[in-house]
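Read-outs: derived from the displayed coordinates by stated rules, not from any lab. Here the structure is a predicted model, which means the values were calculated and not measured. Because the Cβ atoms are built from the backbone with ideal geometry, glycine has one as well, and the counts that use them run over all protein chains shown.
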Amino acid sequence: MEWVLAAFRDVSIPFVSTEIDPTTGAMFARNPWRTEFPHRVAFADLAGRQMSWTGDRKEFVGRNGTLNRPAALAGDAPLSNRVGAGLDPCCAMQTRIDLRPDEETEIIVFCGDAATKEEAQSLISRFRTIDLDAVFLSVRTFWSDALGQCR
């Protein structure tokens, strides 16, 4: 995922900084120089299952990689866990999933934006433990009702 946090990615790149939240392990991103909402915190989380990560798009794509064939997906090496300012901002997270034949799993990715670090931590903790199927049904019902009333 590329962090933009402004109207245009090319303009925001030098101002976006990333960090790993020590409480949740989620990646946080901020752009204090954006005109609108300079204090907000964007976040991404792999439901707490991230084992390694990078906040540097150049690391993810790699020297000879492309977005169609990023270097980070070509091998078994973990990402560097590098985050901070001055990078080409992105969020890439790795985990390990072992599946037996005919087995399935669900991968849950949370992305969001909050007014404060504490609000982001609260949202992440809440959605890691909540029944996501029930939340999805509630959202579908809301939009079905809202759009149905527009006819």
(message) For a quick check: with amide H placed at 1.01 Å from N, whose amide H comes under 5 Å from GLY62's, ignoring anything fewer than 5 positions away on the same chain?
(response) ALA71
(message) Compute the distance from the alpha-carbon center of region 38-93 to that of region 18-33, in whole Å.
(response) 13 Å
(message) Taking every DSSP beta bridge with both residues inside the chain, roughly what % is antiparallel (nearest 5)?
(response) 95 percent
(message) Just to be sure I understand, if you calculate Cα Rg over 2.2 N^0.38 Å for this structure, which of (i) 1.18; (ii) 0.97; (iii) 1.37 do you get?
(response) (i)
(request) Arrange MET1, MET51, MET27 by Cβ neighbour counts within 10 Å, fewest through most, would you? (result) MET51, MET1, MET27
(request) Pick out, from PRO38, ILE13, SER52, the residue whose Cα sits farthest towards the positive end of the charge dipole of region 9-148, with +1 on the Cβ of Lys and Arg and -1 on the Cβ of Asp and Glu. (result) ILE13
(message) Which one, SER125, TRP3, TRP143, is farthest towards the positive end of the dipole of the chain when Lys and Arg carry +1 and Asp and Glu -1 on their Cβ?
(response) TRP3
(request) Report ³J(HN,Hα) in whole Hz for each residue of region 61-78, in order, from the Karplus equation J = 6.51 cos²θ - 1.76 cosθ + 1.60 where θ = phi - 60°; Gly and Pro get x. (result) 6, x, 4, 10, x, 9, 5, 6, 9, x, 4, 5, 9, 8, x, 9, 5, x
(message) What's the magnitude of the charge dipole for region 1-147 around its Cα centre, counting Lys and Arg as +1 and Asp and Glu as -1 at the beta-carbon? Answer in Debye, nearest 20.
(response) 500 debye
(request) State, to one decimal in nm, how far the label point of GLU119 lies from the label point of ALA134, with both points 7 Å from Cα in the Cβ direction. (result) 2.5 nm
